[in-house]
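Participant: Shown below is the structure under consideration.
The values are calculated or read from the model by the stated rules, or taken from the named source; none is laboratory data. If you're wondering where the values come from, they're calculated on a predicted model, not measured in any experiment. As a convention, Cβ positions derive from the backbone with ideal geometry for all residues, glycine included, and neighbour counts pool all protein chains shown.
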Amino acid sequence: MKKTVRDVEVRGKRALVRCDFNVPMQDGKITDDIRITSALPTIKYLIDHGAKVILMSHMGRPKGEAKMEYTLKPVAERLEELLGQAVSFISVPEVVNQQIVDAAGALKEGQVMLLENVRFRKEETKNEAGFAKELAQLGEIFVNDAFGTAHRAHCSTAGVADYLPAVSGFLIEKEVKFLGDALENPQRPFVAIMGGAKVGDKIPVIENLLKKVDTLIIGGGMSYTFFKAMGLEIGTSILDEDSIGLAGELIKKAESAGVKLVLPVDVVCAKEFDNNSEKKVCDRENIPSDMMGMDIGPKSVQLISDELAKAKTVVWNGPAGVFEMPNFAEGTKKIAEALANSQATTIIGGGDSAAAVEQFGFADKMTHISTGGGASLEFLEGKALPGIAVLEEK
Ligand code: AMP
């Protein structure tokens, strides 16, 4: 078990906190502040317990330069409103300089400051010791609460822990609890649903999940690579040629591991990759040569819903179809609905499945929606995430 802010004395200490304030922006305005509101519990805890709070984050990809369209100033302003107290923000291109060191040293208990975008420094994403040391000198304890970047070994996510005792905030604690418990100690039956388009990316995840789950459901664009491996014709559906062999091996591995592998039995096909394209439902054996599979069909929805109804733990990563197009969103929506109505512990991987659950209005019905797309995939793959590996053990 990793230490959290609750396990250390924070009163009177300078807490250097890595948050994920990588919020979407348009014309200099924040369009969605969920990442900021999600960080509040940890920040408020630190304020209430008398820490001197120094926040840091990246935003966008300024690529090591102080490009002011990526300044964290709007985040500082939003934070002030949400916290109802001043958040000191000094924008310097080098992120840390003597003025920042002095400002951090002058903080009083319960006061908050925010550093400029850590990716203004090119050393950040290379995890160079020099910049990690510059950041670390500002604090006396490091709190990592940015799950979305925990799979990256950067100065602000991992490097600083070489110089400071490191603990997690509440967001990372929650991610590790739900994703970790699902993998190591699931209530059974444990069912995983994998979808999306990039089968190559997800093969290592499927391999790891095959060692853990009772049932593995595959949907979305990656199904067609599996169909091909089964010798079926897939028309013009999306195909990852390089992964056909691996898909075939995974089918065999599932069999020998005693894992029930569920693939769609019917699909909604279309002539073009277009919401308004002519569409029809076909069994997977009868996909016309001039059509592509865009969504799972009604028989598959039923089959998958039946499996989900038996589950006690479900992990879902990747949509069942091209859910961004309303005419091909039904399969993904029905899966989200089945999970919303289920009594199981439901864990939604970040990225597209999280977006789908939000879009269809089921977000508050899920046990846990991961805040990190890439990070949750690497976690499910069984990899040690650098930003979590550096945290102290209890
Ligand atoms: P990924 O990034 O691998 O999780 O893939 C997510 C994307 O897969 C979404 O943008 C979906 O539109 C897309 N997708 C899902 N099903 C299909 C399909 N049958 N054909 C093409 N793309 C799909």
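Participant: Does residue 274 count as within 13 Å of the ligand (Cβ to nearest atom), touching a strand residue (DSSP E or B) at 6+ places or on another chain (Cβ under 9 Å), of a type in the set (D, E, K, R) and free of Cβ contacts under 8 Å to residues at least 60 places away in the same chain?
Facilitator: So residue 274 does not fit the description; no.
Participant: Also, quick follow-up: Mind counting the residues in the range 101-126 that are among the acidic types (Asp, Glu) and outside any helix (DSSP H, G or I)?
Facilitator: So the first thing to find is which residues in the range 101-126 are among the acidic types (Asp, Glu), and the list is 102, 109, 116, 123-124.
So of that shortlist, the ones also outside any helix (DSSP H, G or I) come out as 109, 116, 123.
Residues in the range 101-126 being among the acidic types (Asp, Glu) and outside any helix (DSSP H, G or I): 3 in total.
Participant: For the range 157-178, check the following and say yes or no: at least one residue is touching a strand residue (DSSP E or B) at 6+ places or on another chain (Cβ under 9 Å), within 16 Å of the ligand (Cβ to nearest atom) and either in a loop (DSSP other than H, G, I, E, B) or closer than 30 Å to residue 132 by Cβ (or both).
Facilitator: No, the range 157-178 contains no residue that is touching a strand residue (DSSP E or B) at 6+ places or on another chain (Cβ under 9 Å), within 16 Å of the ligand (Cβ to nearest atom) and either in a loop (DSSP other than H, G, I, E, B) or closer than 30 Å to residue 132 by Cβ (or both).
Participant: Also: Check 142, 190, 226 and return the single one that is modelled with pLDDT of 95 or more and within 16 Å of the ligand (Cβ to nearest atom).
Facilitator: On inspection, the qualifying residue turns out to be 226.
Participant: Which of (1) crowded, with 22+ Cβ neighbours inside 10 Å; (2) modelled with pLDDT of 95 or more; (3) under 21 Å from residue 336 (Cβ atoms); (4) within 15 Å of the ligand (Cβ to nearest atom) is the odd one out, the single condition residue 281 does not satisfy?
Facilitator: With respect to (1) crowded, with 22+ Cβ neighbours inside 10 Å; (2) modelled with pLDDT of 95 or more; (3) under 21 Å from residue 336 (Cβ atoms); (4) within 15 Å of the ligand (Cβ to nearest atom), residue 281 is out only on (1).
Participant: Turning to a different aspect of this structure: Quick one: in the range 364-380, which of the residues that are of a type in the set (S, T, N, Q) and modelled with pLDDT of 90 or more is farthest from residue 336 (Cα to Cα)?
Facilitator: Among them, the one singled out is 376.
Participant: Pairs under 7 Å by beta carbon, first residue at negative phi and free of Cβ contacts under 8 Å to residues at least 12 places away in the same chain in the range 56-81, partner surrounded by 14 or more Cβ atoms within 10 Å (Cβ to Cβ) and not in a helix (DSSP H, G or I), six or more apart or different chains?
Facilitator: Matching pairs, first to second residue: 80/87.
Participant: Given the criteria at pLDDT below 95 and in contact with a strand residue (DSSP E or B) (Cβ under 9 Å, 6 or more places away or on another chain), does residue 267 qualify?
Facilitator: Spelling it out, it is not the case that residue 267 is at pLDDT below 95 and in contact with a strand residue (DSSP E or B) (Cβ under 9 Å, 6 or more places away or on another chain).
Participant: Select from the range 193-219 the residues that are touching a strand residue (DSSP E or B) at 6+ places or on another chain (Cβ under 8 Å), within 11 Å of the ligand (Cβ to nearest atom) and in a helix (DSSP H, G or I) and list them in ascending order.
Facilitator: Answer for the range 193-219, where residues must be touching a strand residue (DSSP E or B) at 6+ places or on another chain (Cβ under 8 Å), within 11 Å of the ligand (Cβ to nearest atom) and in a helix (DSSP H, G or I): 202, 205.
Participant: So is residue 372 within 14 Å of the ligand (Cβ to nearest atom), surrounded by fewer than 20 Cβ atoms within 10 Å (Cβ to Cβ) and small (Gly, Ala, Ser) or not?
Facilitator: In short, no.
Participant: Which members of the range 323-354 meet the condition of being within 9 Å of the ligand (Cβ to nearest atom) and in a helix (DSSP H, G or I)?
Facilitator: If the condition is that a residue be within 9 Å of the ligand (Cβ to nearest atom) and in a helix (DSSP H, G or I), then 328, 331, 332, 352, 353 are the ones that fit.
Participant: Output yes when any residue across the range 368-375 is out of contact with any helix residue (DSSP H, G or I) (no Cβ under 7 Å at 6 or more places or on another chain) and not in a strand (DSSP E or B), and no when none is.
Facilitator: Taking the range 368-375 first, the residues out of contact with any helix residue (DSSP H, G or I) (no Cβ under 7 Å at 6 or more places or on another chain) are 373-374.
So of that shortlist, the ones also not in a strand (DSSP E or B) come out as 373-374.
For the range 368-375, residues out of contact with any helix residue (DSSP H, G or I) (no Cβ under 7 Å at 6 or more places or on another chain) and not in a strand (DSSP E or B): present.
Participant: Let me ask something else. Which residues, taken from the range 125-140, are farther than 14 Å from residue 96 by Cβ and surrounded by 20 or more Cβ atoms within 10 Å (Cβ to Cβ)?
Facilitator: Within the range 125-140, 125 is the sole residue that qualifies.
Participant: Let me ask another. Failed condition for residue 41, given (1) farther than 28 Å from residue 122 by Cα; (2) out of contact with any His (no Cβ under 9 Å at 6 or more places or on another chain); (3) assigned to a loop (DSSP other than H, G, I, E, B), with all others met?
Facilitator: Failed condition: (3).
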